[in-house]
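Step one of this worksheet: look at the structure below.
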Amino acid sequence: MLNPADDAFVQKLAEAVPDLWMGVPEPRYLEEPRGRWKGQAGVLAKPANTAQVSALMAFCHAARVGVVPYGGGTGLVGGQVCSDGPAPVLVSLEKMTALRAMDAQSLVIEAGATLQAVQDHAASAGRRFPLTLASQGSAQIGGCLATNAGGVNVLRYGNARALCLGLEVVLADGTIWHGLKRLAKDNTGYDLRDLMIGAEGSLGLITAASLRLYEPPAVEGTAVFAVTSPQAAVELLGLAQARFAGCVSAFELISGWGLGFLRAVGPEVHLPFAQDPDWSVLIDLGLPAGMEAEAAFADLYEAAGDRVTDAVVAQSAAQAAQLWQMRESIPLANRRIGAISSHDIAVPVAAIPDFIAEATVLLNAMGDFRLNCFGHVGDGNLHFNVFPAEGRSRSDYDAPPVMEAVHKLVVERFDGSISAEHGIGRLKVGELARTADPAKLAMMQAVKTALDRRGILNPGVILSAPHKA
């Protein structure tokens, strides 16, 4: 259906958009963090402004050449690499980083700016953009929105969707949608902003965004509590929310396997307990003026009773950073161990203990595994990852049945999601088709066909079916 971005196409594109930067992509543009795919591209394009993106898209649409957006390359489901089919144009918006506007409540910034840059702009005005990811130094805000990134502060502030007020988007045929209004309320028909967020570049290329800013909490504190079980963790969350309503910024579940992996393979980080507990939770509180974080954590510890066996409260910003470095290093340790199958799932918060118990029984019956479960208790998003037994390799196992079993349990038993924050990309296209409501798939297909009738936008992502003009 699609044509390749071959030499003849590239020559004509250079004539049609003469100021557009184009070149051969370096290897880093054709890789993804887990090494699952090796991408291909006929050319790498780096537009300098929205007008160039529009001209590029119009030319690709007319020529029926695929376009793959590259937003920092930190995605974990292969949405940024195209490993087969006709060679596409790879589009990076890294030259588009301008801060277009900012006030106390919001800012407007181009999509190629990194998440860290957005946070720095907000901080310069005494405000906070609360989306926080381990990869924020390289993840671009356009990619964060295209994947509806979550992170650790969803409990208090919501995911990327909740933090976005408006978008500027270039559609498949080059049409520019000017949707950068900075309004909390705009009830004028279909919410096209929400349609584009989470679409992984399959419906349009986000070129700029209007983002919410927040006043930082007057008092902040971080602590890690050793808990007796996932059930105790969920109950502790309820206690924290009851005592500090609206002030719990993050509440992260950590298993003993995750800490054990850090001890075994690094990276070398400070671990808070001499003996790793089977389960612990990392908590961030953002409190109003007049409250003390240490006293708040002491109150929570006392209220928890026998649900908690130990606690460490950060006494400084540096100690808080150490605790978060521990949490953010767990995925890297996982990568060094080598997972058989990784699962970014969501279930209702109250169902977290039952899911962990049932999934553990299910997998223990399937084989000899180590299970590292960690994630965002406050929003029900767990990273339930399956590893080979000690002394064995992931090549000794058949991964697809493991993923299918976990996803079946998530969807059929717990009415959950097979992708809470990473997206579908290319990794989970088959799993989405297998587990999603047929009506949902049909609606998604209709939207895709309506907005990208030639199927040039990130082909093979989310939906695998070809699209005819």
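Residue check: is Thr97 touching a residue at least 24 places away in the same chain (Cβ under 8 Å), within 30 Å of Asp7 (Cα to Cα), open to solvent by 10 Å² or more (accessible area, probe 1.4 Å) and of a type in the set (Val, Ile, Thr)?
no
Taking the conditions exactly as written (of a type outside the set (A, V, I, L, M, F, W, C), in contact with a His (Cβ under 9 Å, 6 or more places away or on another chain), within 13 Å of Asn458 (Cβ to Cβ) and buried (at least 20 other Cβ atoms within 10 Å of the Cβ)), does Gly71 satisfy them or not?
In short, no.
Being at positive phi, open to solvent by less than 60 Å² (accessible area, probe 1.4 Å) and part of a loop (DSSP other than H, G, I, E, B) is the requirement here; does Gly425 meet it? Write out each step before concluding.
On the way: at positive phi: yes; open to solvent by less than 60 Å² (accessible area, probe 1.4 Å): yes; part of a loop (DSSP other than H, G, I, E, B): yes.
Yes; evaluated as a whole, the condition is true for this residue.
May I ask you to verify whether Arg100 is assigned to a strand (DSSP E or B) and among the basic types (Lys, Arg)?
yes
Which ones in the stretch 160-171 are closer than 20 Å to Ser202 by Cα and buried (at least 22 other Cβ atoms within 10 Å of the Cβ)?
Those that are closer than 20 Å to Ser202 by Cα and buried (at least 22 other Cβ atoms within 10 Å of the Cβ): Ala160, Cys164, Leu167, Glu168, Val169, Val170.
Limited to the stretch 437-469, what total is found for residues that are surrounded by 15 or more Cβ atoms within 10 Å (Cβ to Cβ) and not in a helix (DSSP H, G or I)?
12
Restricting attention to the stretch 25-65, and to residues there that are aliphatic (A, V, I, L, M) and open to solvent by less than 20 Å² (accessible area, probe 1.4 Å), which single residue is nearest to Lys428 (Cα to Cα)?
Of everything passing the filter in the stretch 25-65, Val65 is nearest to Lys428 (Cα to Cα).
Could you tell me whether any residue of the stretch 369-391 is in a helix (DSSP H, G or I), among the hydrophobic types (A, V, I, L, M, F, W, C) and open to solvent by 20 Å² or more (accessible area, probe 1.4 Å)?
no
Among the residues of the stretch 143-159, which ones are open to solvent by less than 10 Å² (accessible area, probe 1.4 Å) and farther than 20 Å from Phe374 by Cα?
Cys144, Leu145
Before we move on, is Glu215 more than 30 Å from Lys46 (Cβ to Cβ), at pLDDT 95 or above and out of contact with any helix residue (DSSP H, G or I) (no Cβ under 7 Å at 6 or more places or on another chain)? Give the steps one after another, and end with the answer.
Values: more than 30 Å from Lys46 (Cβ to Cβ): yes; at pLDDT 95 or above: yes; out of contact with any helix residue (DSSP H, G or I) (no Cβ under 7 Å at 6 or more places or on another chain): yes.
Considered against the rule, which asks whether it is more than 30 Å from Lys46 (Cβ to Cβ), at pLDDT 95 or above and out of contact with any helix residue (DSSP H, G or I) (no Cβ under 7 Å at 6 or more places or on another chain), Glu215 comes out as yes.
I need every pair where a residue in the stretch 216-227 that is farther than 13 Å from Ser249 by Cβ has its Cβ under 7 Å from the Cβ of a residue that is of a type in the set (D, E, K, R), sequence separation at least 6 or different chains.
Ala226/Asp310; Val227/Arg307
Does Lys12 meet the test of being more than 23 Å from Gly142 (Cα to Cα), in contact with a helix residue (DSSP H, G or I) (Cβ under 8 Å, 6 or more places away or on another chain) and either at pLDDT below 95 or exposed (fewer than 15 other Cβ atoms within 10 Å of the Cβ) (or both)?
yes
Quick check on the stretch 110-135: of everything there that is modelled with pLDDT under 95 and open to solvent by less than 60 Å² (accessible area, probe 1.4 Å), which residue is farthest from Leu213 (Cα to Cα)? Even if it seems obvious, please write down each step before you answer.
If we filter the stretch 110-135 for residues that are modelled with pLDDT under 95, which is where we start, we get 132-135.
In the following step, the residues that additionally are open to solvent by less than 60 Å² (accessible area, probe 1.4 Å) were identified as 132-133, 135.
Working: Thr132: 13, Leu133: 17, Ser135: 20 Å.
Looking at the filtered set, the residue picked out is Ser135.
The values are calculated or read from the model by the stated rules, or taken from the named source; none is laboratory data. Note that the structure is predicted; figures quoted are calculated from it, not measured. Here Cβ is always computed from backbone atoms with ideal geometry, including for glycine, and neighbour counts include all displayed protein chains. Calculation scope for accessible area: heavy atoms of the full protein, side chains included, ligands and nucleic acids excluded. Shrake-Rupley method; radii C 1.70, N 1.55, O 1.52, S 1.80 Å.
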